[in-house]
Amino acid sequence: MPEPFFTLRWQGDVDGHLVLLDQTRLPAETAYLDCRSVDDVRQAIKRLSVRGAPAIGVAAAYGVCIGVSEGRDVIEVCDYLATSRPTAVNLFWALDRMRGAASRVVLDPVRGPDRGGGPPGPLVNQLLAEARAIHDEDRQQCAAIAKHGADLLANLPPGAGILTHCNAGALATGGDGTALAVIFELARRGKKPRVFADETRPLLQGARLTMWELMQRGIEATLICDSAAAQVMREGRVQAVITGADRIAANGDTANKIGTYSVALLARAHSIPFYVAAPATTFDLSIATGAEIPIEQRAAEEITHGFGLQTAPAGAAVYNPAFDVTPAELIMAIITDRGVLRPVDADRIRATVA
């Protein structure tokens, strides 16, 4: 049996620290990082030791606790962590939650709300309670997504092929995942799904992470190159596509790992339903469409020197967006912890997640 793993956990009490599974070292090595400073947490998020929108949000919440325990101002810590990655909205949602928790703690009626900068006390206790609540809620949201998604896909025949892109499992969340949680639940119900995992260039999250998770769970899975997705669909091997999301606009346009838009277009061309699984916290109703979603630009070396091996001529020009946006009209349904959104439009979204 594979050894059990955890994606992130808080070790200790108010004077504790954050422990993260270092996903940059998977699948060859299962190693954990001890994050004892807010700088450690920010760097872990930035270098993708922890990744996936929900997991980033949980890690950042715990990072606020660490930063304030270091004697730093809570607002300063939140603003600092917000600079780690720009696209995943759960990061900013979690930091807003932590700011709100801090504003509810008053030590001195003259000073007003305690913002840190002094010895740990009621403020850190309140912040840690809030971070733990965010973590617990994410576990519950993953479980609800799994149920709603499995109900939606209940009519798939046993052994149906499901294609996924990037990683949206336990490694990307504080619970069992989003897109992969649906697959895990289908397996528990005896549906025996057969998963095709895109490798997900350039950092190979599908190859390194999704395949690792699926094999840990005993799910039948086949790894394919990103460029093989169209051929696999044309051969009739795929009956559904399901991915996660990092930010969803008010109209349902969805940002996810680069290559997701291509997969959605291929699914439409082959009359295969394309689904997105994400918690309500991934929706950003402050932006009307996907055109307003900030897209993170990653280092050129991720393409020219992937995993330390030079694969392009020196000085090659590189464009390396980490995400793309799938228009709402290509999405059959969005599976959330509050239910299934179908059709995917602004009215349905606002009625469900506002």
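At-a-glance table
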item	result
Those residues of region 28-48 which are surrounded by fewer than 22 Cβ atoms within 10 Å (Cβ to Cβ) and within 18 Å of the chain's Cα centre (by Cα), in sequence order	Q43, K46, R47, L48
Residue in region 168-185 that is under 16 Å from the mean Cα position of the chain (by Cα) and over 20 Å from A280 (Cα atoms) present	no
Qualifying residue in region 135-154 (condition: farther than 23 Å from L223 by Cβ, of a type in the set (G, A, S) and part of a loop (DSSP other than H, G, I, E, B))	yes
Leading residue by the ranking (farthest from E29 (Cα to Cα)) among those in region 186-214 that are among the aliphatic types (A, V, I, L, M) and not in a helix (DSSP H, G or I)	V195
Test for A328: is it under 19 Å from H148 (Cβ atoms) and free of Cβ contacts under 8 Å to residues at least 12 places away in the same chain	no
Within region 86-95, considering residues that are out of contact with any Pro (no Cβ under 8 Å at 6 or more places or on another chain), touching a residue at least 12 places away in the same chain (Cβ under 8 Å) and in a helix (DSSP H, G or I), the one nearest to V50 (Cα to Cα)	L91
Qualifying residue in region 123-143 (condition: farther than 27 Å from W93 by Cβ and at pLDDT 95 or above)	no
Matching entry among T83, T24 (being β-branched (V, I, T), part of a helix (DSSP H, G or I) and surrounded by fewer than 23 Cβ atoms within 10 Å (Cβ to Cβ))	T24
Enumeration of residues in region 27-65 that are of a type in the set (K, R), under 22 Å from A168 (Cβ atoms) and outside any helix (DSSP H, G or I)	R47, R51
Qualifying residue in region 341-350 (condition: within 22 Å of A144 (Cα to Cα) and assigned to a strand (DSSP E or B))	yes
Residue in region 156-176 that is surrounded by 23 or more Cβ atoms within 10 Å (Cβ to Cβ), on the phi > 0 side of the Ramachandran plot, out of contact with any Pro (no Cβ under 9 Å at 6 or more places or on another chain) and at pLDDT 95 or above present	yes
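Yes/no matrix, rows are residues, columns are (1) under 23 Å from G306 (Cβ atoms); (2) over 22 Å from the mean Cα position of the chain (by Cα):
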residue: R189; (1), (2): no, yes
residue: V195; (1), (2): no, no
residue: E199; (1), (2): yes, no
residue: L209; (1), (2): yes, no
residue: W212; (1), (2): yes, no
residue: Q216; (1), (2): no, no
residue: A221; (1), (2): yes, no
residue: R237; (1), (2): no, yes
residue: V241; (1), (2): no, no
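The values are calculated or read from the model by the stated rules, or taken from the named source; none is laboratory data. It should be emphasised that the depicted structure is a prediction, and the values quoted were computed from it without experimental measurement. Counting neighbours? That spans all protein chains shown, and the Cβs are built from the backbone with ideal geometry, glycine included.
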